[in-house]
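Some notes on the structure that comes next.
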């Protein structure tokens, strides 16, 4: 079903990440990037998850609340915003659910497969990389974005243009993360700085204590979109991270339906509007990926 798209301004997200202990709440929405009027008379034959959604009259979306530009919850207003949030809302609308029928449940990375398998959420949209190990327990629609490990530097930095230029530079990432391990394994630099959150790394970058921050470029774009006059994403990505919408492993019907929703958004420009008004504010362009229909 073709969507009517209307681009509106996003409220600026808070510059400091604030962890929130809540699991999300009904109606906790921010002003959407595109108009998401719910589709009428939607059916997904053979989908037990969709049947459960219709029976309760609500959709429960798994999201993140600590990633600016992607999935972020404002601690003051309780509102959610970001690229992933907008994709999740788009899916909900095209499944026939209005904004006031959405429940947001914040799911940590390590708990995503268990939460989906137990039926605690209907689908998960939150920088969820599709890989063979995860596909043993859940299925994926998409990808809706293809990220890759990237580098964030100060806006006036001209020395760092990619991983090959990191020798002798201080590089920051989260303790125990795949990106920082890749920096070690590939011998990109021996000056590694680790913190518990990416926001701490970004603070160190802005204050000049480190030269670069590394993780998925989508996360870095989110930070850059908040402060484009101070920091920027540089170079080509040096890994491949296809982000998918996580679903019950056996619900082929719902997976196919969501893939159709994504394809329609790619074709009619809705995906591009969402990107341009969220991650696109970082100054880094992107186009819709090709669906793989996993």
**Report entry** From 49, 42, residue being on the phi < 0 side of the Ramachandran plot and touching a helix residue (DSSP H, G or I) at 6+ places or on another chain (Cβ under 6 Å)
**Finding:** 49
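Every residue, every condition in (1) touching a strand residue (DSSP E or B) at 6+ places or on another chain (Cβ under 9 Å); (2) surrounded by 20 or more Cβ atoms within 10 Å (Cβ to Cβ); (3) modelled with pLDDT of 95 or more; (4) assigned by TED's automatic domain parsing to the domain that holds residue 111, yes or no:
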site	(1), (2), (3), (4)
155	yes, no, yes, no
207	no, no, yes, no
212	yes, yes, yes, no
217	yes, yes, no, no
223	yes, yes, no, no
Query raised in the report: For residue 228, all conditions in the list (1) surrounded by fewer than 17 Cβ atoms within 10 Å (Cβ to Cβ); (2) touching a residue at least 12 places away in the same chain (Cβ under 8 Å); (3) more than 14 Å from residue 69 (Cα to Cα); (4) not assigned by TED's automatic domain parsing to the domain that holds residue 63 hold save one; what is the number of the exception?
Result: (3)
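Conditions (1) in contact with a helix residue (DSSP H, G or I) (Cβ under 6 Å, 6 or more places away or on another chain); (2) modelled with pLDDT under 95; (3) under 26 Å from residue 255 (Cβ atoms); (4) surrounded by fewer than 16 Cβ atoms within 10 Å (Cβ to Cβ), marked per residue:
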site	(1), (2), (3), (4)
24	no, yes, yes, no
27	yes, yes, no, yes
34	yes, yes, yes, no
56	no, no, yes, yes
83	yes, no, yes, no
93	no, no, yes, no
Query raised in the report: Are any residues in the stretch 215-248 closer than 27 Å to residue 121 by Cα and in a strand (DSSP E or B), and if so, which ones?
Result: 215, 216, 241, 242, 243, 244, 245, 246, 247, 248
**Report entry** Residues (more than 16 Å from the chain's Cα centre (by Cα), within 22 Å of residue 51 (Cα to Cα) and either free of Cβ contacts under 8 Å to residues at least 12 places away in the same chain or assigned to a helix (DSSP H, G or I) (or both)) located in the stretch 251-294
**Finding:** 252, 253, 254, 255, 256, 257, 258, 259, 260, 261
Report task. Can you tell me which residue within the stretch 127-139, out of those that are modelled with pLDDT of 95 or more and in contact with a strand residue (DSSP E or B) (Cβ under 9 Å, 6 or more places away or on another chain), is surrounded by the most Cβ atoms within 10 Å (Cβ to Cβ)? Result -> 138
Report task. Working carefully through the options 111, 88, find the one that is within 22 Å of residue 270 (Cα to Cα) and out of contact with any helix residue (DSSP H, G or I) (no Cβ under 7 Å at 6 or more places or on another chain). Result -> 88
Query raised in the report: What is the residue count in the stretch 36-85 for residues that are in a helix (DSSP H, G or I), farther than 17 Å from residue 256 by Cβ and in contact with a strand residue (DSSP E or B) (Cβ under 7 Å, 6 or more places away or on another chain)?
Result: 2
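Mind checking which strands (runs of 3 or more DSSP E) fall wholly inside the stretch 86-202 and carry at least 3 residues that are under 22 Å from residue 73 (Cα atoms)? Outline the logic, then answer.
Values: elements: 102-106, 138-147, 149-154, 170-174, 191-195.
Here the list reads 102-106, 138-147.
The values are calculated or read from the model by the stated rules, or taken from the named source; none is laboratory data. If you're wondering where the values come from, they're calculated on a predicted model, not measured in any experiment. Note that each Cβ is placed from the backbone with ideal geometry, even for glycine, and that neighbours are counted across all protein chains shown.
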